[in-house]
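Take a look at the structure below.
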Amino acid sequence: MRAGKKDYYEILGVPRNATKEEIDAAFARLAMKWHPDRVPPEMKEEAEKRFKEISEAYAVLSDPQKREMYDRGIDPESGVYDTGFDFSQMNLEEIFERFFGGDIFETFFGGRKESYEDPDVHVEVELSLEEVIKGTERVIHYRRKVKCDVCGGEGIVDARTCHTCGGRGRVRKVNRTFVGFFYVDTVCDTCKGRGVVGRTCQKCGGRGFVWEEVKRTFKIPAGVSDGQKVIYRNWGHFNTGRLVIHIREKPHPKFERRGNDLIYRMEIEPPLAVLGGEREFEHITGERIKVRIPEGVQNGEVFARFRGKGINGGDLLVYAVLRVPKNLSKEERELYRKLLEISRRRNEG
């Protein structure tokens, strides 16, 4: 091999006496790893370079005539290495469909891509702030999948060994591609991989499961947060999945939650805000609490804190919301007018 010439065997990671099948498998593995569509953005530039090298090496080594010329040290300059296809502009599905005539996973990895089905049952429960603080019990209704008791989850009855695959659940198929013939083990189409055939179960329609309506009472502990999950194992599909309860906290008109602290918005009229005084309010737990309002309290100011009266040992904070009166009486209007005149004279002086 001439100095500086790319070593296509090294690029694909195969020995010089590699078979066509080994070359194809190496290309499939590397294409999945380095295709620009399968890497994060920061690796895209490197992936494009690597994928171009991989494609170039495969285009040569997969063609018997070009591989022979390459092994003899001939360095063709006039399109000898051109396969007529642009790998770089094709996604993985297109590449494997074009060159290997089938599903990428079925051809090279002995099985089809399986869609993931969540075994868990997800239920959303809305709680008031009072329920969050104290904890509560709820009765919920949901549906889950359980194994069909007629067919035992097989989807068929009167089962017998599949005549197509002989009970193995897989068959060997021959795929013809531009690089030759490939023998591939695939899932048996007759029995769908079960290894047995029979009559479709009438109860489950061949699915192997039926839907069950469930009614359960469960406890939600005190102090849960909005978005938190409460999980019960073996309450989901087929008694193996989980029941996942997603907590949603309803807003409260007077109280706001910040972590484990509670914020109480106390409406204060202007005279009380100016002069200060004492006010009583009802905690969300029902407890009556007295609070001292300082003179000159400002709108939005936190003016009181009660340790341990929040959630899970958090605090209760009280902040002022100034309430401007409407529909004033004649007497009130006159008093406010006098106050305004006094305020103007003070500011002008």
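Below are the figures for this structure:
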read-out	value
The listed residue being of a type in the set (S, T, N, Q) and touching a strand residue (DSSP E or B) at 6+ places or on another chain (Cβ under 7 Å), out of 299, 347, 312	299
Selection within region 12-30 - surrounded by fewer than 20 Cβ atoms within 10 Å (Cβ to Cβ), among the hydrophobic types (A, V, I, L, M, F, W, C) and in contact (Cβ under 8 Å) with a residue 60 or more places away in the chain	25
Selection status of residue 278, outside any loop (DSSP other than H, G, I, E, B) and either in contact with a strand residue (DSSP E or B) (Cβ under 9 Å, 6 or more places away or on another chain) or not assigned by TED's automatic domain parsing to the domain that holds residue 263 (or both)	yes
Filtered residue count, region 226-250, keeping only those that are part of a loop (DSSP other than H, G, I, E, B), closer than 28 Å to residue 284 by Cβ and touching a residue at least 60 places away in the same chain (Cβ under 8 Å)	1
Whichever residue in region 119-174 is assigned to a strand (DSSP E or B) and in contact with a helix residue (DSSP H, G or I) (Cβ under 7 Å, 6 or more places away or on another chain) and, among such residues, is farthest from residue 196 (Cα to Cα)	121
Subset tally (residues that are in contact with a Phe, Trp or Tyr (Cβ under 6 Å, 6 or more places away or on another chain) and within 30 Å of residue 72 (Cβ to Cβ)) for region 26-51	5
Test: residue in region 305-325 that is outside the structural domain of residue 132 (by TED's automatic domain parsing), over 26 Å from residue 257 (Cα atoms) and either in a loop (DSSP other than H, G, I, E, B) or among the charged types (D, E, K, R) (or both)	yes
Meets criteria (buried (at least 17 other Cβ atoms within 10 Å of the Cβ), closer than 20 Å to residue 64 by Cβ and without any contact (Cβ under 8 Å) to a residue 40 or more places away in the chain) for residue 47	no
Qualifying residue in region 180-187 (condition: in a strand (DSSP E or B), at pLDDT below 90, closer than 30 Å to residue 60 by Cβ and out of contact with any strand residue (DSSP E or B) (no Cβ under 7 Å at 6 or more places or on another chain))	yes
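The values are calculated or read from the model by the stated rules, or taken from the named source; none is laboratory data. Everything numeric in this text was worked out from a predicted model, so none of it was measured. Backbone-built Cβ (ideal geometry, glycine too); neighbour counts: all protein chains shown.
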